[in-house]
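Take a look at the structure below.
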Amino acid sequence: MSSVDRWFSVSGLATGLIRPGDAIADLLIAAAPRPGGMCGGDCIVVAESAVATAEGRIVGLDGVKPTPAARDLAGRYTMDPRMVEIILQESDAVVGGMPGFLLCRAHGTLLPNAGVDASNAPPGCVVLLPADPEASAAGIRDAIRASAGVEVAVIVADSRPHPMRPGCAGIALGCAGLAAVRDGRAVADNIASAAELVMGEAGEGIPAAIVRWRGP
């Protein structure tokens, strides 16, 4: 295949704000560009906060009672003790921290604040990661197949900073319908990073993207 036969495109999916209980697959299908909509072979990248919100993974801070361990860590790292308590509940272990953040081992990887996010949450609340991102991706893929009749891949993505570098890049928390790593390339993470360029999870109302490519 020559270089001219290889191409790559990314299009944002403007669903508006996702709310608890929303059928996220239906919103993604409705937001797909016309004419054509979703096509077989597309990869749909969805922000983890949108998936978690649809799944009802939202916790109100007012109902959280911090433990002594949470209060201690909150004092050391200048954090809300209630937020720290939720982070501890979502973590397998806390391995370090800096003001405003705890570095945690959770969901099989190292995550700041165990993935607990206040930036895309309703006031006074935080959004947790999806309980099982792989199952979430598979469920969205199955629902798109059932509703739209097309076979797509789905990635549940998040963004992460890299040590000693400014800014964030996308990572795949869960995926269905494609190999996450191929020939030594982190395919799912690379696709997630490309999608982050057009996504905006808050007021932008673009929590997802369609990625299409032709190549090896």
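Some notes on this structure:
- In terms of accessible area, using a 1.4 Å probe and ignoring ligands and nucleic acids, 136, 11 rank largest first as 11, 136.
- Here the peptides 38-48, 79-89, 63-73 are ranked by packing, the mean other Cβ count within 10 Å, and the order with the highest first is 38-48, 79-89, 63-73.
- Accessible-area rank, largest first, for 13, 197, 103: 197, 103, 13, with all protein chains present and a 1.4 angstrom probe.
- For the pair segment 4-37 and segment 122-155, the centres of their Cα atoms are 13 angstrom apart.
- Global geometry of segment 1-122, whether rounded, prolate or oblate, following the gyration tensor of its Cα atoms and the 1.5 cut on a/c: prolate
- Largest first, the extents of the alpha carbon coordinates of segment 26-65 on the three principal axes equal 50, 16, 11 Å.
- Distant-in-sequence amide H partners of residue 171 (H built 1.01 Å from N, under 5 Å): 158, 159, 160
- Computed about its Cα centre, the charge dipole of segment 13-112 is approximately 180 debye, with only Lys, Arg, Asp and Glu carrying charge at their Cβ.
- Helical runs assigned H by DSSP (4 residues or longer) give the chain a calculated mean residue ellipticity at 222 nm of -8500 deg cm²/dmol, each run adding -39500 (n - 2.57) before division by the residue total.
- Heavy-atom surface of segment 70-216, accessible at 1.4 Å and reported per residue (Å²): 49 Å²
- Relative contact order [Cα under 8 Å, 6+ residues apart], the chain, whole percent: 31 percent
- Among 12, 56, 124, residue whose mean-square fluctuation peaks in a GNM of the chain (springs only between Cα atoms under 10 Å): 124
- Radius of gyration, Dmax [segment 147-216; alpha carbons; angstrom]: 13.2, 45
- Dimensions of segment 101-143 based on its C-alpha atoms, expressed as ranges along the principal axes with the largest first, amount to 35, 27, 11 Å.
- Of the accessible area of the chain, computed with a 1.4 Å probe over protein heavy atoms only, carbon and sulfur atoms account for 56 percent.
- Near residue 200, the amide H atoms lying under 5 Å from its own belong to 206, 208; only residues 5 or more places off or on other chains count, and H is placed 1.01 Å from N.
- Here is the tail figure for the chain: Cα pairs spaced more than 30 Å apart come to 26 percent of all pairs.
- In a DSSP loop and with at most 12 other Cβ atoms within 10 Å, there are no GluC sites (Glu not before Pro) in segment 117-216.
The values are calculated or read from the model by the stated rules, or taken from the named source; none is laboratory data. Please read all numbers here as calculations on a predicted model, not as lab measurements. Methodologically, a virtual Cβ is constructed for each residue, glycine included, from the backbone with ideal geometry; neighbour enumeration extends over all protein chains shown. Quick note on the areas: whole protein, heavy atoms, side chains included, nothing else; ligands and nucleic acids left out. Shrake-Rupley method; radii C 1.70, N 1.55, O 1.52, S 1.80 Å.
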